[in-house]
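Have a look at the structure below, then the notes.
The numbers here are math on the coordinates, done by the rules we state, and not lab data. From a predicted model like this one, the values you see are computed outputs, not experimental measurements. Note: ideal-geometry Cβ built from the backbone for every residue, glycine included; neighbour counts use all protein chains shown.
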Amino acid sequence: MKPTTTPDPRLPKSFQRGIERHMERVRRDWDGRHPLHGSLPGPDAVMVNHNDYLALARHPRIVKAMTEALDTHGTDALMSGVFLHGDHPQLRLERELAAHMGSPAGILCQSGWAANTGLLQTLAGPGTPVYIDMLAHMSLWEGARIAGATLHRVRHNDTDHLRRRITDHGPGVILVDSVYSTDGSTCPLAETATLAGEHGCVLVVDESHSLGTHGRLGEGMCAELGLTGRIHFRTASLSKAFAGRAGFIASCDEDFTDHFKMGSHPAVFSSTLLPHDLAGLTETLALIREDTWRRTRLHTIAAHVREELGAAGLDLNGSRSHILSLVAGDEQQVMSLRDALERDGVFGSVFCPPATPRTRSLVRLSLHAALTDAQVEHLVTTCVRRYAPAPN
């Protein structure tokens with residue numbers, strides 16, 4: 001009997017080049033370390049490395065709602081959302097979220113990524129001009145690419161550049177974030193909406209980092225500025241202030257929802273949300289509307305930290321929100337900054353390529369409503385000590 005040959009389970013050599021390039025990068029650029037894996041936090045650490053801006057993730061009402069849904073329904077409803085009709089809980093929540101944002105209709109998706117890629121894949125097509133802010137979320141870029149649209153990059157928050165782009169290439173789709181996730185800067189939404197209206201463009205605003213945190217009841221920055229009637233689509237990841245795992249699209253046209261669900265690949269070819277997801281998000285929406293103190297606390301903290309760090313000479317890269325970035329340089333430099341902050345008990349999030357340009361790796365600080373006054377002051381003191389420019 002001939003001996004059998006065990007197949008080699010590794011990838012063929014022609015497919016291993018990407019892995020080899022990554023491992024070389026680990027050895028050469030990172031000294032065998034990982035830029036996203038620092039030290040483990042102690043019990044007194046100041047944690048500003050997550051997006052639970054309103055400190056709702058462990059709220060007992062949300063936990064209770066999700067637990068009861070699991071006990072009652074398990075993980076039923078493993079099907080595409082396109083099949084849902086009648087008074088299904090997901091359709092009810094879509095209506096409630098749309099009403100919350102002041103929109104005629106809404107669509108729940110599996111994630112913010114699925115919402116943005118699915119929206120662009122449904123909305124645009126080959127050759128459609130898409131004008132995208134350089135700091136817009138990668139899911140918007142990816143959605144435009146999937147659609148085969150023609151991408152026109154726009155300098156960050158530069159409405160004059162946007163106007164010139166539209167004049168050169170014609171009406172299309174404008175893609176911006178309300179609050180930009182890497183540096184906390186905010187879009188000039190009123191001016192952008194005016195440009196969209198003047199030139200016959202569709203305006204899409206990603207409100208992932210302002211839904212829940214802005215507006216009288218957390219309706220988002222567009223609503224806070226009175227712009228809901230001038231913006232065609234608002235999207236959001238519900239893994240930020242809503243502390244869940246889903247995405248949402250607020251649509252200006254009720255008929256678009258069925259068009260999306262029948263045409264968007266993420267909608268057609270992915271399973272819908274599970275009962276406990278829906279129960280948790282429903283309870284979260286109620287708390288976001290009720291607990292207005294959470295937004296007040298978040299904005300008070302953010303304003304104080306920005307003021308103190310700005311007065312100390314720190315470059316906050318135009319942040320006007322609860323997100324702050326400390327730009328360090330390349331990966332080695334950002335790891336050094338991360339280590340210095342963590343030695344003082346402050347834990348932020350490292351952003352490096354592909355999330356940033358190679359020379360603009362940064363530590364992002366995501367402020368949240370659960371920070372105590374003492375933690376806020378420790379955060380400020382640490383950032384000034386570890387990041388402030390040396391005196392002349």
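Numbers at a glance
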item: Hz values of 3J(HN,Hα) by residue in the range 248-262 - Karplus curve (6.51, -1.76, 1.60), Gly and Pro given as x; result: 9, 10, 9, 10, 7, 9, 4, 5, 5, 4, 5, 4, 5, 5, 8
item: Added length on full extension, which subtracts the Cα-Cα distance from 0.36 nm per residue, GLU254 to THR67; result: 64.1 nm
item: C-alpha center-to-center spacing [the range 247-281, the range 59-138] in angstrom; result: 4 Å
item: Lys/Arg +1, Asp/Glu -1 at C-beta; the range 60-290 dipole; positive extreme among ALA223, PRO275, HIS137; result: HIS137
item: Highest-fluctuation residue, LEU203, LEU36, LEU274 considered, GNM on the chain with Cα pairs under 10 Å; result: LEU36
item: DSSP-defined beta bridges in the range 60-290 - what % are antiparallel, rounded to 5; result: 40 percent
item: Note, ³J(HN,Hα) from phi for the range 162-168, Karplus 6.51, -1.76, 1.60, rounded to Hz, x at Gly and Pro; result: 4, 4, 5, 4, 5, 4, 6
item: Shape call, the range 242-291: gyration tensor on alpha carbons, a/c limit 1.5; result: oblate
item: Contour minus Cα-Cα distance for ALA286 and PHE269 (0.36 nm per residue); result: 3.1 nm
item: Gyration tensor over alpha-carbon atoms, the range 174-232, equivalent ellipsoid semi-axes in Å; result: 19, 13, 8
item: Residue with peak Gaussian network fluctuation, the chain [Cα springs, cutoff 10 Å], from ASP158, ASP31, ASP291; result: ASP31
item: Size of charge dipole - the chain - debye, nearest 20, with Cβ of Lys, Arg +1 and Asp, Glu -1, no other charges; result: 1060 debye
item: Reported label for calculated volume of the Cα convex hull per residue in Å³ given (1) 210; (2) 125; (3) 172; result: (1)
item: Exposure proxy ranking, count of Cβ atoms within 10 Å, fewest first, for HIS22, HIS259, HIS100; result: HIS22, HIS259, HIS100
item: Under 5 Å, built H, 5+ apart or other chain: amide partners of SER185; result: TYR180, ARG320
item: Where labels lie 7 Å past Cα in the beta-carbon direction, separation of ILE19 and TRP293 in nm; result: 5.4 nm
item: For the range 369-383, 3J(HN,Hα) per residue [Karplus equation, 6.51 cos²θ - 1.76 cosθ + 1.60, θ = phi - 60°, Hz, x = Gly/Pro]; result: 6, 8, 5, 7, 4, 5, 5, 4, 5, 5, 4, 4, 4, 5, 5
item: Global form of the range 257-392, assessed from the alpha-carbon gyration tensor, a/c cut-off 1.5; result: oblate
item: In nm, spacing of pseudo-spin labels at ALA190 and MET262 (7 Å Cα→C-beta vector); result: 4.1 nm
item: Choice from GLY127, GLY86, GLY200 showing the highest fluctuation, given a GNM over the chain with Cα pairs closer than 10 Å; result: GLY86
item: Computed helical MRE - 222 nm, the chain, DSSP H runs ≥ 4 contributing -39500 (n - 2.57), nearest 500; result: -13000 deg cm²/dmol
item: Loop-located trypsin sites (Lys or Arg not before Pro) in the range 182-262, at most 11 other Cβ atoms within 10 Å (DSSP); result: ARG216
